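Note sheet for the following structure.
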Amino acid sequence: MYGPRIEGEKVVLRPHCAEDAQPFIDMLANSTVNRYLARQEPMSLQAELEWIEARATDPNSFGWTIEVEGQCVGTVGFDHISWRRGVATVGIFIGQPTLWGQGITTEVASLVARYAFMQLGLRKIQSGYLAPNVASGKAQARIGLVEVGRWRAEHFRDGQWVDHILTELHRDDWLASQSES
């Protein structure tokens, strides 16, 4: 399903639309952008449009396009939601390297964590990142995601096998951090 429009200080999270397909393809074609993504295979326009449509109808996912200053710059969403267990996997993709290091990912992660716990009633969100992607690890840690394991030598990047680090955040821990701020 598409999530509702959510406005932050720097970003707007809005439902996906067909016009997002080509910008997603263009961003994912950039080797600087996709080097730390688990999936690196390029998608066709048709496949990207089908992915956008599938997000609209899948009751076990929520997705948004990330906008900065009115421009599509990435996507965020929950996949594999287990409503019975109250758990979802969150993924964030910022496809504009010029925006990296400006707090965009942290703001997006904060907005979707709030949505997960306060609107969807989830009890836990899970995520992960490839070990060389230190910036992603720091952004996840800033909102409270903690390392809970790793898949050793899971992905081949830059001529070597790298670990896929697994993270999670429990609603109780998130609520405690909100009362501290």
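The values are calculated or read from the model by the stated rules, or taken from the named source; none is laboratory data. These numbers come from a predicted model, not from an experiment. No Cβ is skipped: glycine too gets one built from the backbone with ideal geometry, and neighbour counts run over all protein chains shown.
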Residue ranges of strands (runs of 3 or more DSSP E) in the range 72-181 with at least 1 members out of contact with any helix residue (DSSP H, G or I) (no Cβ under 8 Å at 6 or more places or on another chain) and loosely packed, with under 14 Cβ neighbours inside 10 Å: 146-157, 160-170
Starting from residues that are at pLDDT 95 or above and of a type in the set (Gly, Ala, Ser), keep the ones in the range 149-175 and report whichever is farthest from residue 34 (Cα to Cα). 149
Tally up the residues in the range 1-34 that are under 16 Å from residue 52 (Cα atoms), more than 17 Å from the chain's Cα centre (by Cα) and not hydrophobic (A, V, I, L, M, F, W, C), please. 3
Report, by residue number, each residue of the range 17-33 that is surrounded by 12 or more Cβ atoms within 10 Å (Cβ to Cβ) and either hydrophobic (A, V, I, L, M, F, W, C) or touching a Phe, Trp or Tyr at 6+ places or on another chain (Cβ under 9 Å) (or both). 17, 21, 24, 25, 27, 28, 29, 33
Run down 45, 37 and say which single residue is surrounded by 12 or more Cβ atoms within 10 Å (Cβ to Cβ), under 16 Å from the mean Cα position of the chain (by Cα) and over 17 Å from residue 108 (Cα atoms). 37
